[in-house]
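First up is the structure itself, then whatever we jot down about it.
The values are calculated or read from the model by the stated rules, or taken from the named source; none is laboratory data. Computed from a predicted structure; not experimentally measured. Note that each Cβ is placed from the backbone with ideal geometry, even for glycine, and that neighbours are counted across all protein chains shown.
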Amino acid sequence: MSGRLTVIGLGPGNADQVTPEAIRAVTEASFFYGYKPYLDRLELRQDQTRIASDNREELARSNEALAKAAEGHSVAVVSGGDPGVFAMAAAVCEAIEAGPPEWRSIELAVVPGVTAMLAVAARIGAPLGHDFCAISLSDNLKPWELIELRLLAAAGAGFVIALYNPISKARPWQLGRAFECLKAILPGTTPVIFGRAAGRPEERIEVFLLADADAAKADMSTCVIIGSPETRIIKRGDKPALVYTPRSATGSRK
Ligand SMILES: C[S@@+](CC[C@H](N)C(=O)[O-])C[C@H]1O[C@@H](n2cnc3c(N)ncnc32)[C@H](O)[C@@H]1O
């Protein structure tokens with residue numbers, strides 16, 4: 001008997017940014033697996049069960065959830081933001097690939113959510129208006145040398161770069177090092193957005209120039225967006241400045 005597993009994206013942390021599809025998926029599942037702060041966002045019924053685990057246990061959590069679904073239950077795995085962006089959907093796929101053959105017949109659905117870079121971008125203008133990429137600064141699952149290579153390649157090719165997982169207690173130096181790398185090839189006047197806790201009551205969105213960007217201003221709830229040489233700041237008197245990247249690019253090096 002194979003059940004169903006739904007990987008649900010809960011958005012950046014604002015109830016208004018949870019999609020109707022995610023709300024419906026929550027009502028339909030019986031067992032919920034996830035990191036406790038994400039499970040805390042759910043209002044579950046008495047007949048629904050939550051199983052919380054630590055945020056570095058994605059694979060173990062996926063295995064448990066798949067085993068439960070394989071027993072015939074309707075199971076949900078929840079993620080902040082979008083579950084396919086540095087989150088649980090990939091962990092579930094890894095578990096399916098490495099797991100017993102019967103896990104491949106579990107009905108699997110991935111419900112998208114508003115990812116952090118989109119929530120941050122929407123609060124400041126349109127920094128992702130032209131080509132962009134997303135890079136996780138966590139070197140838990142890849143070597144730092146590869147991260148530096150990707151940062152330099154992305155900046156050198158003119159992409160706006162959204163940095164996820166910029167800093168943590170266990171990874172205190174990575175964001176500062178990333179800024180140093182980028183300063184070598186981007187103008188010091190490149191806008192850098194620190195988008196902290198977008199959509200939540202403690203939200204703080206700040207804009208600096210790359211030359212002045214201070215890694216200490218970021219924390220685990222921050223998504224840092226680094227502009228391309230085309231990205232501009234529009235000052236608007238007493239209204240917050242807009243940061244945007246025009247839809248066109250010439251391709252000429254500045
Ligand atoms: C493990 S990743 C998960 C990303 C998530 N799946 C998403 O799509 O947003 C965690 C990182 O996402 C970013 N993040 C998550 N929620 C955020 C928010 N509300 N505002 C700013 N950044 C956020 C931070 O960079 C954080 O370190």
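Key figures
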{"quantity": "Selection from the stretch 155-173 of residues that are without any contact (Cβ under 8 Å) to a residue 40 or more places away in the chain and either surrounded by 15 or more Cβ atoms within 10 Å (Cβ to Cβ) or not assigned by TED's automatic domain parsing to the domain that holds residue 210 (or both)", "calculated": "171"}
{"quantity": "Positions within the stretch 26-39 being under 17 Å from residue 89 (Cβ atoms), away from the ligand (no atom under 16 Å from the Cβ) and small (Gly, Ala, Ser), in sequence order", "calculated": "29"}
{"quantity": "Given (1) more than 12 Å from the ligand (Cβ to nearest atom); (2) surrounded by 22 or more Cβ atoms within 10 Å (Cβ to Cβ), number of the condition residue 11 does not satisfy", "calculated": "(1)"}
{"quantity": "Set 52, 29: member being surrounded by fewer than 16 Cβ atoms within 10 Å (Cβ to Cβ), small (Gly, Ala, Ser), at pLDDT 95 or above and farther than 20 Å from residue 117 by Cα", "calculated": "52"}
{"quantity": "The one condition in (1) in contact with a helix residue (DSSP H, G or I) (Cβ under 6 Å, 6 or more places away or on another chain); (2) buried (at least 16 other Cβ atoms within 10 Å of the Cβ) that residue 124 fails to fulfil", "calculated": "(1)"}
{"quantity": "Selected residue (criterion: nearest to the ligand (Cβ to nearest atom)) from residues of the stretch 111-157 that are acidic (Asp, Glu) and closer than 22 Å to residue 168 by Cα", "calculated": "139"}
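Conditions (1) of a type in the set (D, E, K, R); (2) within 17 Å of residue 198 (Cα to Cα); (3) surrounded by fewer than 22 Cβ atoms within 10 Å (Cβ to Cβ), marked per residue:
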position: 73; (1), (2), (3): no, no, yes
position: 82; (1), (2), (3): yes, yes, no
position: 92; (1), (2), (3): no, no, no
position: 100; (1), (2), (3): no, no, yes
